[in-house]
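Okay, structure first, notes after.
The values are calculated or read from the model by the stated rules, or taken from the named source; none is laboratory data. Owing to the predicted nature of the structure, the values given are computational and were not obtained by experimental measurement. Every residue, glycine among them, receives a Cβ derived from its backbone with ideal geometry; neighbour counts consider all protein chains shown. To get the accessible areas, we keep the full protein, side chains included, count just its heavy atoms, and leave off ligands, DNA and RNA. Shrake-Rupley method; radii C 1.70, N 1.55, O 1.52, S 1.80 Å.
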Amino acid sequence: MTCTKADDVVRLFAQAGRARRDLERWMRHPRRGHVPEYVMQHVTAAVYRITPQDVKGLISEHAIGDIRPEQGYAVSAIKDWRPDFAFAHILHCCAEKLGGVFPYEELRRFAAQDPDGIRMLGQPARSHVEKVVASGRCTWEQARAAMQWRIGLFYYSFIREIYVLSCLREMGLDMRTHPLADALFRVDGWCGSAVLSLYIKNEEFRDGSAGRKPQAREILTDGQDLGLSFVELAMEVQRKHGVVHLPSGEQIDDCARRIKHELEHSPHDPQQL
């Protein structure tokens, strides 16, 4: 059975330089020791059994419901909120527990009923909403809408990433993923020495080399030469509301060609995970 462990990620991406420093800083965070303890035990396996058809056939309630962007971003204290566990940790955990891709209502159930889901997402989200409302900065309804928007967008992003990886795997590329690589090193997936980053163009956060979020290339090439190459799949902003925006077949074909090209021309390919 194909699987990927946290130790595989460390061996491939965090030998030295910034990646190693970021890993060690994350491992010894004074308030979040429970996070690395959990994430370092995570094994990615169920995600590799997901097919593009599984994602396209997913029937789900809208993750952001009828909430509009002006409502979703209205509460500044929630707009950039992050729980101790990164959303990548939470969503990968949910996928492995449920055995594959899942509709949004299953994420809601996971956060409300599963012990890990309550600890990772349900309780932190409720506590933060209560704190913000108690401060008098917004109403309960406004805070709940902003939190649903926040979580819903990460859910859509995760489903999009899983769809792309499943398409590329179906095309014969042994794409791998792990929440440690995703959250800490900004690696959405990889195949051998080819690292994939998937994003929607956004001037505030990322558009080519611009934006304030660090990129996988920046993190992984600082202070170490692992022979990695970097492939990006950038999607234009789409205005259709309440659905997962998936890349076109042409975009995925082009991405696959570029990954294969990088692998064919790699001077030294790290050991395949």
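Yes or no, residue by residue, for (1) surrounded by 20 or more Cβ atoms within 10 Å (Cβ to Cβ); (2) modelled with pLDDT under 75; (3) in a loop (DSSP other than H, G, I, E, B); (4) acidic (Asp, Glu):
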residue	(1), (2), (3), (4)
Leu226	no, no, yes, no
Phe230	no, no, no, no
Leu233	yes, no, no, no
Gln238	no, yes, yes, no
Gly242	no, yes, yes, no
His245	no, no, yes, no
Gln251	no, no, no, no
Ile259	yes, no, no, no
>> Six or more apart or on different chains, Cβ atoms under 7 Å: show the pairs whose first residue is in the range 19-37 and open to solvent by less than 50 Å² (accessible area, probe 1.4 Å) and whose second is part of a loop (DSSP other than H, G, I, E, B).
In response: Ala19/Gln224; Leu23/Ala14; Val35/Asp84; Val35/Phe85
> If you scan the range 85-138, which residues turn out to be polar (S, T, N, Q) and either touching a helix residue (DSSP H, G or I) at 6+ places or on another chain (Cβ under 7 Å) or not in a helix (DSSP H, G or I) (or both)?
Replying inline: Ser135
> For the subset of the range 38-59 comprising residues that are assigned to a helix (DSSP H, G or I) and under 20 Å from Asp7 (Cβ atoms), which member is most open to solvent (accessible area, probe 1.4 Å)?
Replying inline: Tyr38
> Which number in (1) modelled with pLDDT under 95; (2) more than 30 Å from Asp174 (Cβ to Cβ) marks the one condition that Pro103 misses?
Replying inline: (2)
>> Taking the criterion of being among the acidic types (Asp, Glu), surrounded by fewer than 17 Cβ atoms within 10 Å (Cβ to Cβ) and either at pLDDT 95 or above or touching a Leu at 6+ places or on another chain (Cβ under 8 Å) (or both), would at least one residue in the range 132-155 satisfy it?
In response: yes
> His62 passes all but one of (1) in a loop (DSSP other than H, G, I, E, B); (2) open to solvent by less than 20 Å² (accessible area, probe 1.4 Å); which number fails?
Replying inline: (2)
>> Any residue that is exposed (fewer than 14 other Cβ atoms within 10 Å of the Cβ) and aliphatic (A, V, I, L, M) - is there at least one of those in the range 5-13?
In response: no
>> Looking at Trp81 and the list (1) open to solvent by 30 Å² or more (accessible area, probe 1.4 Å); (2) under 30 Å from Thr139 (Cβ atoms); (3) at pLDDT 95 or above; (4) out of contact with any Gly (no Cβ under 8 Å at 6 or more places or on another chain), which single condition is not satisfied?
In response: (1)
>> Let me spell it out: the conditions are (1) modelled with pLDDT of 95 or more; (2) more than 22 Å from Ala6 (Cα to Cα), and Asn202 meets all of them except one. Which number is the exception?
In response: (1)
> Across the range 174-192, what is the number of residues that are surrounded by fewer than 21 Cβ atoms within 10 Å (Cβ to Cβ) and under 27 Å from His265 (Cα atoms)?
Replying inline: 2
